[in-house]
Amino acid sequence: MALSDSKLKGMLKGHSDTKPRKVADGEGLSVLWRASGKVSFVFRYRIAGKAKNVSLGEYNGQETGLTLKNARVKAQQCKGWLNEGHDPAIQLKIVKDDRLSPLTVADALDYWLVKYADEKRVNAKKHKQQFEKWIIPHIGRLPINGISKHHWIDCFEIRAKKYPVAAGYVLRNVQQALKFCVKRGFEVNRDIFELDYEAIGASKQAKRSRRLVDDSSWDEFTQVVKWIDQGKIQPYYRNLLSLLISFGCRTQELRLSKITEWDLERMLWIVPPEHNKTRIKDQAKGQSGEIMRPIPAALKPFIESLIDSTSNEYLLGQLKQSPTVSSWGGKIWKLLEHKTKWLFHDLRRTFATGLNDLGIAPHVVESLLGHSIQGVAGIYNHSQYLPEKLKALELWQDRLALLRGDTANVLMLGRAG
């Protein structure tokens, strides 16, 4: 039978045997019960075919000892390390060394950024910047195991009223960061995990569905296309917009794009995994995380001119930061006197709508957008659909030429079938 607090308290009286007794709790956790009344939690496991034990701590029925609840948490941490191929005995020593000095809120968030987010989160820099604005100045120096719910609420409420959507975004990342710390053996006050959007005055971002085309009109998108061609924009943004409307890609994929990604011999643009927002999901399914897009012949001279004119490794000639680019893109609708606001990301929705209008199959559209394929198909189907994507992009180039009024260069414009 599993252990209980009452059983453990009874053990503190000791027993009459000459040898210690072992009492199992389950999941590899047991206690070593000595005649003197000393009770120690032990995790039993096998690694490399050998049976091993590691001590988790002593139970004494007081605050200075290890509780049954926390011992079970530690046992689960040990199981997690085993699943990752690590020896729990070694990992516990590492955690103990890390915790020789009190862990502050700032330490905990930085630990997550360094050990997890920098490698697995595309927006790791953004997370760090938000922590430095929202959290660190207010409670960064406080011990992570000592602060309670009201500390967090006071911290978030300072900015949540003005930025309710951002508050929810930061809360989710803080909670994920601290859950990671808990899994790594750090003691964290769990009040943070009980907070929700309402508690801190946050709100979820409404799902956007803005497109610059609809069933009856392509006027807004046509205006954007012609505005780009007029050349009255800074070269960086003119080139960025030209490629955005041509490929339907994410802004960051172009903002970070390097010349080495553009293979003009094979006529392929290969977005590396580190620039792909869905790379973690893709790699978990055994996929490379790369996004491969064919380069239509009509775009080759333009790509060549960009490569020839840049003096560094970036296709667009320089590396602009995400907030700068997003801010500029968020003003275009006003410049063109459109009635409803739209952002760079809405050009992706317009691209997808346009391809659907041309009869392109949904899975080809999703692949061009760089979306992770869901369900069983995403696990077994690793095809890049290059011929289908090339046909789709060539049709799309024809549509753009038609919108420009360049009908002489339209080779074909119809449904893909």
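Of the set (1) closer than 29 Å to PRO387 by Cα; (2) part of a helix (DSSP H, G or I); (3) modelled with pLDDT of 90 or more, all apply to ILE270 but (2). Considered as a group, the residues in region 292-322 that are among the aliphatic types (A, V, I, L, M) and surrounded by 15 or more Cβ atoms within 10 Å (Cβ to Cβ) include one that is nearest to VAL365 (Cα to Cα), and that residue is MET292. Per the listing ARG238, ARG250, ARG208, ARG172, the residue uniquely at pLDDT 90 or above and surrounded by fewer than 15 Cβ atoms within 10 Å (Cβ to Cβ) is ARG172. Based on what the data block shows, is GLY65 of a type in the set (Gly, Ala, Ser), touching a Phe, Trp or Tyr at 6+ places or on another chain (Cβ under 6 Å), at negative phi and modelled with pLDDT under 90? The answer is yes for GLY65. Picking from residues in region 365-388 that are among the β-branched types (Val, Ile, Thr) and at pLDDT below 50, the one that is surrounded by the most Cβ atoms within 10 Å (Cβ to Cβ) is ILE379. Residues that are basic (Lys, Arg), more than 20 Å from ARG184 (Cα to Cα) and either touching a helix residue (DSSP H, G or I) at 6+ places or on another chain (Cβ under 7 Å) or in contact (Cβ under 8 Å) with a residue 60 or more places away in the chain (or both) do occur in region 49-60, at least one of them.
For region 291-307, the condition holds for no residue, the condition being that it is part of a helix (DSSP H, G or I) and more than 25 Å from LEU393 (Cα to Cα).
The sole residue among ALA166, ALA117, ALA177 that is surrounded by 14 or more Cβ atoms within 10 Å (Cβ to Cβ), without any contact (Cβ under 8 Å) to a residue 60 or more places away in the chain and small (Gly, Ala, Ser) is ALA166.
In a residue-by-residue description of region 152-162, the property of being in contact with a Gly (Cβ under 8 Å, 6 or more places away or on another chain), in contact (Cβ under 8 Å) with a residue 12 or more places away in the chain, among the aromatic types (Phe, Trp, Tyr) and under 21 Å from ALA202 (Cβ atoms) applies to at least one position. Here region 107-122 is the region considered, the condition is being part of a helix (DSSP H, G or I) and hydrophobic (A, V, I, L, M, F, W, C), and the residue that is nearest to LEU256 (Cα to Cα) is ALA117. Here VAL165 passes the criteria (1) among the hydrophobic types (A, V, I, L, M, F, W, C); (2) in contact with a Phe, Trp or Tyr (Cβ under 8 Å, 6 or more places away or on another chain); (3) in a helix (DSSP H, G or I); (4) closer than 30 Å to THR350 by Cβ except the one numbered (2). Taken as a whole, region 71-79 holds no residue that is modelled with pLDDT of 90 or more, more than 33 Å from the chain's Cα centre (by Cα) and not in a loop (DSSP other than H, G, I, E, B). Kindly check whether there is at least one residue in region 184-193 that is of a type outside the set (Val, Ile, Thr), free of Cβ contacts under 8 Å to residues at least 40 places away in the same chain and part of a helix (DSSP H, G or I). For region 184-193, residues of a type outside the set (Val, Ile, Thr), free of Cβ contacts under 8 Å to residues at least 40 places away in the same chain and part of a helix (DSSP H, G or I): present. Among the residues of region 1-33, those identified as surrounded by 12 or more Cβ atoms within 10 Å (Cβ to Cβ), over 26 Å from GLY80 (Cβ atoms) and not small (Gly, Ala, Ser) are LYS7, LYS9, MET11, LEU12, HIS15, PRO20, ARG21, TRP33.
The values are calculated or read from the model by the stated rules, or taken from the named source; none is laboratory data. Computed from a prediction, not measured in an experiment: that's the story for all the values here. Here the Cβ is made from the backbone with ideal geometry for all residues, glycine too, and neighbour counts use every protein chain on show.
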